[in-house]
Amino acid sequence: MKNILMKQITIHGTAVALLAGVLAVATTTGKSAEPAGISELQQAFRQPPDDSRIMMRWWWFGPAVTKPQLEREMRFMKEGGIGGFEVQPTYSLALDGELPGVKNLKFMSPEFLDALGFTAAKAKELGLRMDLTLGSGWPYGGPQFSAEEGATAIQTQNLTIPAGQRSAPVPELREGQKLIAAFMKTGDGFKEVPVVDNVLQMPADVTGEAQVQLFISRGGIMKVKRPAYGADGNVIDHYSPTSIKKFIKEIAEPEIKACGPNPPYAVFCDSLEVGGENWTPNFLPEFQKRRGYDLKPLLPALFNDVGPKTMDIRHDWGKTCTELFTECFNGAFKKLANAHNSRFRIQGYATGSAAPPAALYSYAYADLPEGEGYQWKGFSATRWAASASHLLGKPVASSETFTWLHSPVFRATPLDMKAEADMHFLCGINQIICHGWPYTAEGVAYPGWSFYAAGVFDEKNPWWIVMPDVTKYLQRVSFMMRQGTPANDVALYLANSDAWASFGRLFSVYSVLQGRVQNTARQILDSGYNLDFFDDQLLEMRGKVERNTLAFGDVRYRVVVLPAVERIPPATMQKLEQFARGGGIVVATRRLPDLAPGYKATEQDTKTVRDIAQRLFKDANAPGLFVEDEARLGEAVAKRLAPDVATSPASPEIGIVHRHTDGGEVHFVANTTNQSKSVKATFRVEGMQPEWWDPMTGRVSPAQIAEKSAGATAVNLNLEPYGSTIVVFTKRTQPAPKVVRAVASVPQPVDLSTGWTVKFGKNAQPIAMEKLASWIDNAATSNFSGVATYEKTITIAPEWLKAGLTLSFNFGEATVPQASGGGRGGMGYRTVLETPVREAAVLYINGRRVGSVWAPPYSIDVTGHLKRGQNKIRVEVANLAMNYMASIKLPNYSYAGVTQKYGNRFQPQNLDLVQPLPSGLLGPIRLIATNQGKS
């Protein structure tokens with residue numbers, strides 16, 4: 001265990017010693033031992049350790065689960081190359097007795113807890129990781145929480161008091177509401193109005209009509225979303241130790257203990273998403289303790305302009321809520337998890353207008369940071385979580401992946417999966433949590449149950465035949481993205497103080513910062529640099545100036561960017577000046593920092609900020625850079641530091657993630673577009689040899705250097721649509737390939753697109769398919785979803801088997817639709833590509849499995865697999881469940897029935913988009929010989 005904080009830090013005006021147990025980081029958490037050298041790394045790359053496998057969010061609908069079906073689904077996960085799952089009980093999809101054996105187990109009932117215990121034991125037996133979402137649905141809550149114990153907001157209500165009226169009753173308050181204070185608007189501000197026995201006592205000197213604003217706290221502002229049977233109720237107060245302790249005692253601990261000797265690897269907190277949670281019953285004394293003054297007489301500033309100090313008061317309000325959430329909520333659940341030999345994993349942010357206002361540093365009170373969202377080019381929750389992981393020395397950062405992927409359900413393809421996952425990797429993620437796997441009760445008609453907001457990645461998909469290949473690709477990339485340390489150049493400052501100061505009706509640190517730094521992040525990425533976010537608190541906890549770098553543990557940054565920052569603590573400015581004087585690059589964009597934050601900040605504090613800004617950016621020979629136009633940010637930085645990777649021609653759609661290891665420099669490279677890319681990539685690496693590490697196959701081969709220059713090495717990248725590779729620079733020299741004499745005459749490609757027999761399903765009679773065609777072109781097969789077997793026999797002449805020839809089985813080329821649009825359709829991400837295989841195929845030659853295709857290039861190397869004379873070719877081709885779904889009534893469960901019984905807990909999405917889709921081998925299919933020899 002390595003303590004990330006061994007000193008006192010100031011969080012709320014008073015120095016507090018954070019317990020070592022709260023901020024201790026297990027640097028081996030979720031990570032297998034790193035290979036000792038490049039050869040060992042290469043060996044592990046071929047067969048990565050199990051802990052880098054993808055995981056599934058496993059929805060237990062009802063939960064109407066049975067032990068035999070739970071075991072069945074776990075075994076399917078294992079067979080598919082999935083490393084584990086996260087149990088999430090959620091809403092019902094069937095009534096008791098609707099199908100034989102279907103019974104909804106009430107949440108927290110003995111039967112439900114027994115199912116958890118069985119699952120934990122069986123997961124251990126099968127070598128699967130089990131995580132557990134505490135509670136049900138999201139956010140945390142339940143029926144035992146009263147409105148007073150629930151998430152709370154401070155709200156206003158305006159009253160008009162007629163002229164001459166000296167008193168007025170306070171309007172009747174609803175359950176969970178409490179009057180905090182009343183204020184009368186005056187010519188120059190607000191004046192507090194006394195309240196006696198629930199009656200407003202108007203001041204005697206009031207003349208004319210008076211406007212009074214009531215400040216009322218309201219508890220129980222939100223109910224749990226998508227709860228299981230018996231789990232509906234108020235969301236808990238995230239700032240209240242009392243409510244949190246009650247949740248732990250009555251829900252979290254019994255769930256964990258139900259797992260017996262097999263505690264969850266991690267307990268999980270899903271989306272926060274509590275709209276408007278900005279208060280707690282104990283807020284005023286907590287505020288007084290932390291900020292050093294009484295907020296009550298200043299409450300009008302929360303929603304009104306009361307003069308120059310308005311934003312300072314709002315800053316302190318927001319900062320206090322962030323601290324309470326971080327310490328009371330995150331701190332409690334990390335302590336709980338660690339006490340049970342588990343870990344705390346959390347999606348630590350609130351998007352949109354939601355609260356609580358978690359900050360980046362809030363992840364210090366978690367073990368496993370998690371994000372979501374595929375938006376790699378800019379500000380995203382995925383990059384937010386990965387940044388926290390990097391700065392806090394936590395080796396694994398996960399992301400909720402594939403939410404809404406190519407909606408509706410069952411529409412997502414393996415190519416969709418790869419393309420979105422690549423963008424998560426580009427953000428720094430190295431643990432994929434698929435969203436997800438729907439539990440399906442025995443007897444439910446094909447294709448089984450599904451979650452309303454997700455793709456489905458279970459064995460009901462016909463393309464499951466290539467799932468082990470898909471998961472192996474994701475596993476290899478995840479493994480490589482855990483090696484060594486991140487090598488990002490830029491630390492992009494997140495101005496929490498500016499976010500807090502802007503609070504009012506909007507109460508999300510994440511959302512405010514997203515609007516402020518989105519373009520800045522894009523400019524940095526487009527210029528060939530990569531970045532992490534940091535904030536004041538993480539800088540204080542972990543940040544050190546080491547020569548010309550800003551170091552957070554073993555992670556070092558050469559550049560710090562301040563994006564349009566107005567408020568910044570003097571201590572942060574002082575450290576950044578030290579960094580700049582040591583040779584680090586500090587850049588301010590759009591404006592210069594100008595204010596010290598908070599109501600009690602002194603004039604001297606602000607003067608310190610301004611003086612340092614003057615020295616850094618304005619004085620003669622100032623070490624910093626001020627870039628007013630962010631479009632020129634990359635150009636300005638490049639004058640001090642060459643890009644980590646530059647592409648020619650410039651191709652900002654190609655994303656690159658760089659990690660440094662003792663044995664080499666690892667770069668994951670992904671083409672995020674639907675068009676092939678051929679570019680020269682210049683890496684800021686010298687004195688090392690480049691190698692191609694193919695995450696699809698695990699093969700490693702030397703790469704040819706295109707150009708060398710001082711401090712840089714260039715290679716030529718040729719990437720398929722949505723293609724990816726890993727470029728590793730090492731100090732070794734790979735043995736040269738064995739020289740083979742060129743073949744004088746290369747056989748011409750042979751078209752194999754005709755003369756197939758096809759069998760639709762295992763027991764069907766084969767039919768002749770003289771020309772390749774989509775299954776939907778034939779009424780008899782248009783609604784077929786499953787695996788069709790294509791067979792034919794081909795004759796190979798001796799000239800095809802000469803040494804020096806490489807043979808490939810080419811299924812055709814992918815093309816871009818004329819109206820390709822972007823990467824979205826309906827809801828969620830989707831690829832936009834017309835592919836020759838819809839959607840996956842496995843090739844067998846003479847009874848032996850040779851390979852599969854499910855992403856470009858749609859070609860398989862068959863060198864050494866063909867023999868002289870006759871060869872039996874078999875191709876198993878799988879499509880989507882959508883074609884069959886178009887022939888049945890949807891949804892395939894009684895939505896009206898479960899809604900009437902349990903309430904409207906969800907709505908099916910995009911089912912109007914279900915239709916038969918092109919399927920099968922579309923071709924043309926060719927056998928191609930390529931001359932690999934030298935003349």
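See the values below:
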quantity: Looking only at segment 152-207, and only at residues there that are of a type in the set (D, E, K, R) and over 20 Å from Glu277 (Cβ atoms), the one that is most open to solvent (accessible area, probe 1.4 Å); calculated: Glu172
quantity: Members of segment 431-450 found to be crowded, with 19+ Cβ neighbours inside 10 Å and within 22 Å of Pro68 (Cβ to Cβ), listed by number; calculated: Gly436, Trp437, Pro438, Tyr439, Thr440, Ala441, Val444, Pro447, Gly448, Trp449, Ser450
quantity: Scope segment 863-887; condition more than 17 Å from Trp775 (Cβ to Cβ) and either among the small types (Gly, Ala, Ser) or in contact (Cβ under 8 Å) with a residue 60 or more places away in the chain (or both); matching residues; calculated: Gly864, Leu866, Lys867, Arg868, Gly869, Gln870, Asn871, Lys872, Ile873, Arg874
quantity: Residue match in segment 544-552 (condition: modelled with pLDDT of 95 or more and in contact with a Ser or Thr (Cβ under 9 Å, 6 or more places away or on another chain)); calculated: no
quantity: Given (1) open to solvent by 10 Å² or more (accessible area, probe 1.4 Å); (2) closer than 26 Å to Leu368 by Cα, index of the condition Asp232 fails; calculated: (2)
quantity: Number of positions in segment 512-535 that are within 29 Å of Lys607 (Cβ to Cβ) and in contact (Cβ under 8 Å) with a residue 60 or more places away in the chain; calculated: 6
quantity: Some residue of segment 523-540 being among the hydrophobic types (A, V, I, L, M, F, W, C), within 22 Å of Glu653 (Cα to Cα) and in a helix (DSSP H, G or I); calculated: yes
quantity: Matching residues in segment 350-394 - criterion: being of a type in the set (Ser, Thr, Tyr) and in contact with a Cys (Cβ under 7 Å, 6 or more places away or on another chain); calculated: Ser380, Thr382
quantity: Options Ala358, Ala350: the member that is in a loop (DSSP other than H, G, I, E, B), in contact with a Gly (Cβ under 8 Å, 6 or more places away or on another chain) and aliphatic (A, V, I, L, M); calculated: Ala358
quantity: When residues of segment 451-469 are limited to those that are open to solvent by less than 10 Å² (accessible area, probe 1.4 Å), in a loop (DSSP other than H, G, I, E, B) and touching a helix residue (DSSP H, G or I) at 6+ places or on another chain (Cβ under 9 Å), the one nearest to Thr403 (Cα to Cα); calculated: Gly455
quantity: All positions within segment 764-806 that are more than 20 Å from Ser859 (Cα to Cα), part of a strand (DSSP E or B), of a type outside the set (D, E, K, R) and open to solvent by 40 Å² or more (accessible area, probe 1.4 Å); calculated: Ile767, Ala768
quantity: Segment 202-254, residues that are touching a helix residue (DSSP H, G or I) at 6+ places or on another chain (Cβ under 9 Å) and part of a strand (DSSP E or B); calculated: Gln213, Phe215, Ser217, Arg218, Gly219, Asn234, Ile236
quantity: Residues satisfying the stated conditions in segment 872-887, i.e. over 30 Å from Leu927 (Cβ atoms), open to solvent by 50 Å² or more (accessible area, probe 1.4 Å) and not in a helix (DSSP H, G or I); calculated: Ser887
quantity: Of the criteria (1) open to solvent by less than 50 Å² (accessible area, probe 1.4 Å); (2) among the hydrophobic types (A, V, I, L, M, F, W, C); (3) touching a helix residue (DSSP H, G or I) at 6+ places or on another chain (Cβ under 9 Å), which one Val274 fails; calculated: (3)
quantity: Restricting segment 544-556 to residues that are within 24 Å of Asp611 (Cβ to Cβ) and either in contact (Cβ under 8 Å) with a residue 12 or more places away in the chain or assigned to a loop (DSSP other than H, G, I, E, B) (or both), the residue that is least open to solvent (accessible area, probe 1.4 Å); calculated: Leu550
quantity: Failed item in (1) surrounded by fewer than 20 Cβ atoms within 10 Å (Cβ to Cβ); (2) assigned to a helix (DSSP H, G or I), with Gly97 passing the rest; calculated: (2)
quantity: First in segment 249-271 and under 23 Å from Tyr363 (Cα atoms), second anywhere and of a type in the set (Gly, Ala, Ser) and part of a helix (DSSP H, G or I), Cβ under 8 Å, 6 or more apart; calculated: Pro263/Ala120; Pro264/Ala120; Ala266/Ala337; Val267/Ala252; Val267/Ala337
quantity: Residue, farthest from Tyr239 (Cα to Cα), within segment 294-333, restricted to residues that are without any contact (Cβ under 8 Å) to a residue 12 or more places away in the chain and open to solvent by 40 Å² or more (accessible area, probe 1.4 Å); calculated: Pro308
quantity: Residue under evaluation Phe617, criteria (1) within 22 Å of Thr682 (Cβ to Cβ); (2) open to solvent by less than 30 Å² (accessible area, probe 1.4 Å), criterion not met; calculated: (1)
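Here's the yes/no breakdown for (1) at pLDDT below 95; (2) in contact with a strand residue (DSSP E or B) (Cβ under 9 Å, 6 or more places away or on another chain); (3) among the small types (Gly, Ala, Ser); (4) open to solvent by 10 Å² or more (accessible area, probe 1.4 Å):
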{"residue": "Ala521", "(1), (2), (3), (4)": "no, yes, yes, no"}
{"residue": "Leu525", "(1), (2), (3), (4)": "no, yes, no, yes"}
{"residue": "Leu531", "(1), (2), (3), (4)": "no, yes, no, no"}
{"residue": "Leu539", "(1), (2), (3), (4)": "no, yes, no, no"}
{"residue": "Arg542", "(1), (2), (3), (4)": "no, yes, no, yes"}
{"residue": "Arg558", "(1), (2), (3), (4)": "no, yes, no, yes"}
{"residue": "Ala564", "(1), (2), (3), (4)": "no, yes, yes, yes"}
{"residue": "Leu576", "(1), (2), (3), (4)": "no, yes, no, no"}
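The values are calculated or read from the model by the stated rules, or taken from the named source; none is laboratory data. Keep in mind that this is a model prediction, so the values were computed, not measured. Neighbour counts run over all protein chains shown; Cβ positions are idealised from the backbone, glycine included. Side chains are part of the model used for accessible areas, which takes the heavy atoms of the whole protein and leaves out ligands, DNA and RNA. Shrake-Rupley method; radii C 1.70, N 1.55, O 1.52, S 1.80 Å.
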